[in-house]
Structures are given as structure tokens and as C-alpha cells.
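The structure appears below as C-alpha cells.
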Amino acid sequence: MRLGILGGTFDPVHCAHLYVGEAARAAFALDAVLFAPTGSHRHRRAVPAAPIGDRIAMLRLAIAENPAFRFEEADLEGTGYTADLIPRLRAKYPQAALHFIAGADSLVASPWRRLDEVFAALDGFIVATRPGVDAALPPEIDAHVQRLEIPPLFTSASSIRALARAGKPIRYLVPDAVNAYIHAHRLYATKVRQA
């Protein structure tokens with residue numbers, strides 16, 4: 001079995017996350033894509049805006065319609081570091097080939113620790129292209145990754161949070177069920193306008 005792993009804070013999960021998961025599944029013949037939210041934020045500069053329970057609920061709603069997408073809880077109590085997540089997934093799926101999926105922007109902009117351990121522990125590391133970022137991958141990283149060419153996707157969780165804070169619509173940037181959840185639970189803004 002070939003499994004893709006898409007980790008993150010998913011604050012909130014959005015359509016670009018889902019597209020990258022599906023594009024990686026198709027391009028690399030993955031049997032399933034595991035969406036693994038992290039319960040820790042120590043590797044990030046800012047505390048997630050939505051509580052973990054809400055992020056989990058939104059993620060479950062977002063992936064429910066795709067039978068190849070699975071919710072993975074292995075990092076909920078973890079450190080948030082991929083180097084610590086992969087051994088837990090190896091123990092849980094000992095016969096599977098594990099392929100981590102990341103955006104090129106996360107490799108350039110985020111402080112990855114123990115990346116050599118991550119590369120050694122995986123069967124593949126898939127990097128989704130991002131306009132203006134791809135050429136910036138350092139050679140020591142680029143040598144270990146497989147590129148996933150995707151069309152430019154302008155959606156990001158930070159831009160969605162900013163739109164919600166400003167009372168602007170986020171519909172079609174997130175799945176409808178996630179949009180409804182954000183509005184029903186008044187996440188990201190005190191006054192969220194239903195669109």
C-alpha cells in the first residue's frame with residue numbers, strides 16, 4: 001500500500017489542501033492520503049487561531065466525500081515535528097510505503113528540524129510547486145524530493161483567516177461544510193458574514 005501524508009495545523013483546511021492531496025494521489029499512484037493535523041504548535045511562530053477540536057471537526061468535514069482521504073490522529077498528541085511523526089506512522093502502517101506531501105513554500109519558509117531524518121525515514125517526499133518559490137529550494141533539499149506540478153493556487157489558511165476577520169466571504173476557498181462550520185462557530189472573527 002502506498003500512503004501519502006499531508007500534515008499541518010489546518011487552520012482552517014481549505015480547497016488547496018484538498019487539491020494537493022488529490023493531485024499527489026493521482027500523480028504518484030497513492031492508495032490513500034492521510035490528513036494528519038498536529039495538536040502542537042511549538043514549531044510555528046503563532047498559536048493557531050482555532051482550537052484543535054474545531055480544526056479536527058473542519059478537517060473531518062472537508063475530507064468526508066473522498067474515499068481516498070483518511071483522517072490520521074497520530075500527531076494530535078505529538079510534537080508537531082515530521083521527524084517524530086514518521087516513526088509513529090511506520091509502526092501503525094508497517095507494510096506501507098510512506099510519501100510525505102508538502103508545499104514548496106513550507107520547505108523554504110518554515111524552520112524544518114531534522115530534515116535528514118525525515119528524508120531517510122520516508123519512501124518519498126513530494127513537493128507541490130508554488131509560483132515564485134520552486135527555484136528557491138536549496139540543493140540539499142531538492143536532491144531528495146519529487147516535484148508535483150500543480151496550477152497556481154492562491155488560497156492559504158492565513159489569507160482565509162484575514163478575509164474572515166474582515167467579514168469578507170470565504171465560500172469557494174473552503175469546502176461548503178467547512179464554510180458553514182466556521183460561520184456557525186464564529187471562528188476567526190467576531191462578525192463573520194455568511195456568503
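Each reported figure results from applying straightforward, stated rules to the coordinates on display, with no laboratory input. Predicted model only: the values in this text are computed from it and were never measured. Using ideal geometry, Cβ is built from the backbone for each residue, glycine included, and neighbour counts are taken over all protein chains shown.
Once the piece of chain linking GLU77 and ALA184 is laid out straight, how much longer is it, given 0.36 nm per residue of separation minus the C-alpha distance between them? Intermediate results must be reported in sequence, preceding the final value.
Working: separation 107, 0.36 × 107 = 38.52 nm, distance 2.68 nm.
Gain in length upon complete extension: 35.8 nm.
Within the shell defined by Cβ-Cβ distances under 11 Å, the residues around ILE63 carry a net charge of -1, with Lys and Arg each +1 and Asp and Glu each -1. Label-to-label distance, CYS15 versus ASP31, with points set 7 angstrom from Cα along the beta-carbon direction: 3.2 nm.
Computed from point charges on the beta carbon alone (+1 for Lys and Arg, -1 for Asp and Glu), the dipole magnitude for the chain about its Cα centre is near 820 Debye.
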